[in-house]
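A short write-up of the structure that comes next.
Please treat every number below as a calculation from the coordinates, not as lab data. The shown structure was predicted, so the numbers you read here are calculated from the model rather than taken from an experiment. All Cβ positions, even for glycine, are placed from backbone atoms using ideal geometry, and neighbour counts span all protein chains on display.
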Amino acid sequence: MQNEKTGILYVLSQLGRDLLAETSLHFKSWEDGTTGYAFAVREPFYTSIPLSSLSEIAVTVNDRQVPENHVWLALREQRIPASVCRNLWELYWHIGEKAEIFITDPTLLQGGLKKKNKVALQMTVRPAYDYGLPEKKVDYAAEAEMEVVL
Amino acid sequence: MKLGMSLYTYGADLHAGRITVEEAIRHAASLGCQGIELIGDQHFSTFPYAYTEALHLRELTRSLGMEIACYSTYLHSMLRQDRTATFDEFMQMAENAIALTAALGCPVLRPTFASDDVQELVNLVTACLPTLEKYGVIWGVELHAPCHPLYYKEALDRVNSPWFRLIPDFSCWSVGGLPDRYLDAGMDTFRALAPYMVHCHGKAHRFDARGEEPNTPYRELLGILKETGFSGYVVCEYEGWIQEAAPFSSKEMAARHFALLQRYGR
């Protein structure tokens, strides 16, 4: 049975290939005055998922871990703290739908970015349906060199 | 039997944002499909608040001369991170899905429910029977690898209702993919399940140069359905897209798969 569960985990992890929907870091200013940089991501699971499935969203820029309180998911122009996603079971991120990872890390905003930056994203999905996965989760990870676009 | 297409088949292009659900429906119609299967958690861009979108897709499907043969969804036990769903919450999910199935003009609902104890499924379905009857919707429990082909037979007998039937997925008779606990079951197990079947998933992962699914005995499976007078739908459910990293055309796979169904299902 363990091999079957591991096999399902392998299959479910394959769609992480679509995770990064672009490779630029674009400057973004919100109506409430919040500013930062964003890059587009595509929902990685094979179905739509409630945001409560997002157990963790972790970003590193040039090998620096962005503090979780400066990582946001912007879904349909709603800016949600990464740590809050796991409580939002009523809101769905749909299959194939683009969202944005928005980062507000002051260190990066105040001169910490280069023209080209190594950006790594890890997204842990705890599916709402019980597939019997080991640890009940699927990890998606992607890394790219991203150029800053103002 | 009637032949159709699960929109699951177009998953690679839907996942990558290369086609829309409407395009997938139009393509299924162009192949000559009589009906389609929709999965709420994949094909409604407004899920789970999808009533208006359901009506739109129902009308589009009808305008193309097809019907919605089956509506699928998942009953989520881990929707919340702080606790598992309660029985009442499962009931609410199931009853919402039943009502949406009826709104789609669809006779069959496949609500996937995960439990190691089949009695939990029996309890849930039994509690939903009045709602199923009220809306005229049949709950089809999906039998999928790695389950043994007879896994749900006792539950079907215990509920013993025309509103609770079986959706066999051909993966249970496939010789590829998952390990072979279910491989020795043979075609007799498929034949034994015929009286319970309401809908079938024609699972495929690959096609050879002759258009056959090399690991799945389509000729035998569809032959048994013909012999036993099965009158429901068999829909293509191409699943190779999840693992296929190289770009490919979902439409081409759908066409190959539907040609295979037509070869042995007509």
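Here are the numbers:
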item	result
Point-to-point label distance, B:Asp157-A:His26, nm (Cα→Cβ direction, 7 Å offset)	6.2
Inter-chain Cβ neighbour average for residues A:37-48, partner chain, 10 Å	3
For region B:197-266 versus region B:135-179, the gap between their alpha-carbon centres in whole angstrom	18
Within region A:80-150, GluC sites (Glu not before Pro) in DSSP loop having at most 15 other beta-carbon neighbours inside 10 Å	A:Glu90
Residues whose placed amide H lies under 5 Å from that of B:Thr112, excluding near-sequence neighbours	B:Thr73, B:Tyr74, B:Leu75
For A:Gly36, distant residues with modelled amide H under 5 Å away	A:Lys28
Span-like helix ranges in chain B, DSSP H, alpha carbon extent 20 angstrom or more, Kyte mean at least 0.0	B:87-103, B:118-135
Most mobile listed residue (B:Pro130, B:Pro107, B:Pro149) in chain B, GNM with C-alpha springs under 10 Å	B:Pro130
Exercise: per-residue mean of other protein chain Cβ atoms within 10 Å, B:231-242	1
For chain A, built as a Gaussian network whose Cα springs stay under 10 Å, the top-fluctuating residue of A:Ala128, A:Ala74, A:Ala82	A:Ala128
Alpha carbon centroid spacing (whole Å) that separates region A:85-150 from region A:30-69	4
Nearest-ten-degree value, helix A:2-13 long axis tilted from longest Cα axis of chain A	30
Shielding by partners, peptide B:45-51 (average Cβ within 10 angstrom, other chains)	3
Estimated distance in nm for a label pair at B:Arg62 and A:Ala141, the labels positioned 7 Å out from Cα along Cα-to-Cβ	5.1
Label point distance in nm, A:Asn87-B:Glu120, each placed 7 Å from Cα along Cα→Cβ	2.7
Full-extension gain in nm, A:Lys118 to A:Tyr131, via 0.36 nm per residue minus C-alpha separation	1.3 nm
Charged-residue dipole, Cβ positions (Lys, Arg, Asp, Glu), chain A about Cα centre, Debye nearest 20	200
Overall form of chain B per C-alpha gyration tensor (a/c, 1.5; a/b vs b/c)	rounded
For chain B, calculated [θ]222 nm from helices alone, where every DSSP H run of n ≥ 4 adds -39500 (n - 2.57)	-12500 deg cm²/dmol
Sparse-neighbourhood loop sites, trypsin sites (Lys or Arg not before Pro) in region B:71-142 - DSSP loop, at most 13 other Cβ within 10 angstrom	B:Arg83
Under 5 Å, built H, 5+ apart or other chain: amide partners of B:Ile138	B:Val108, B:Leu109
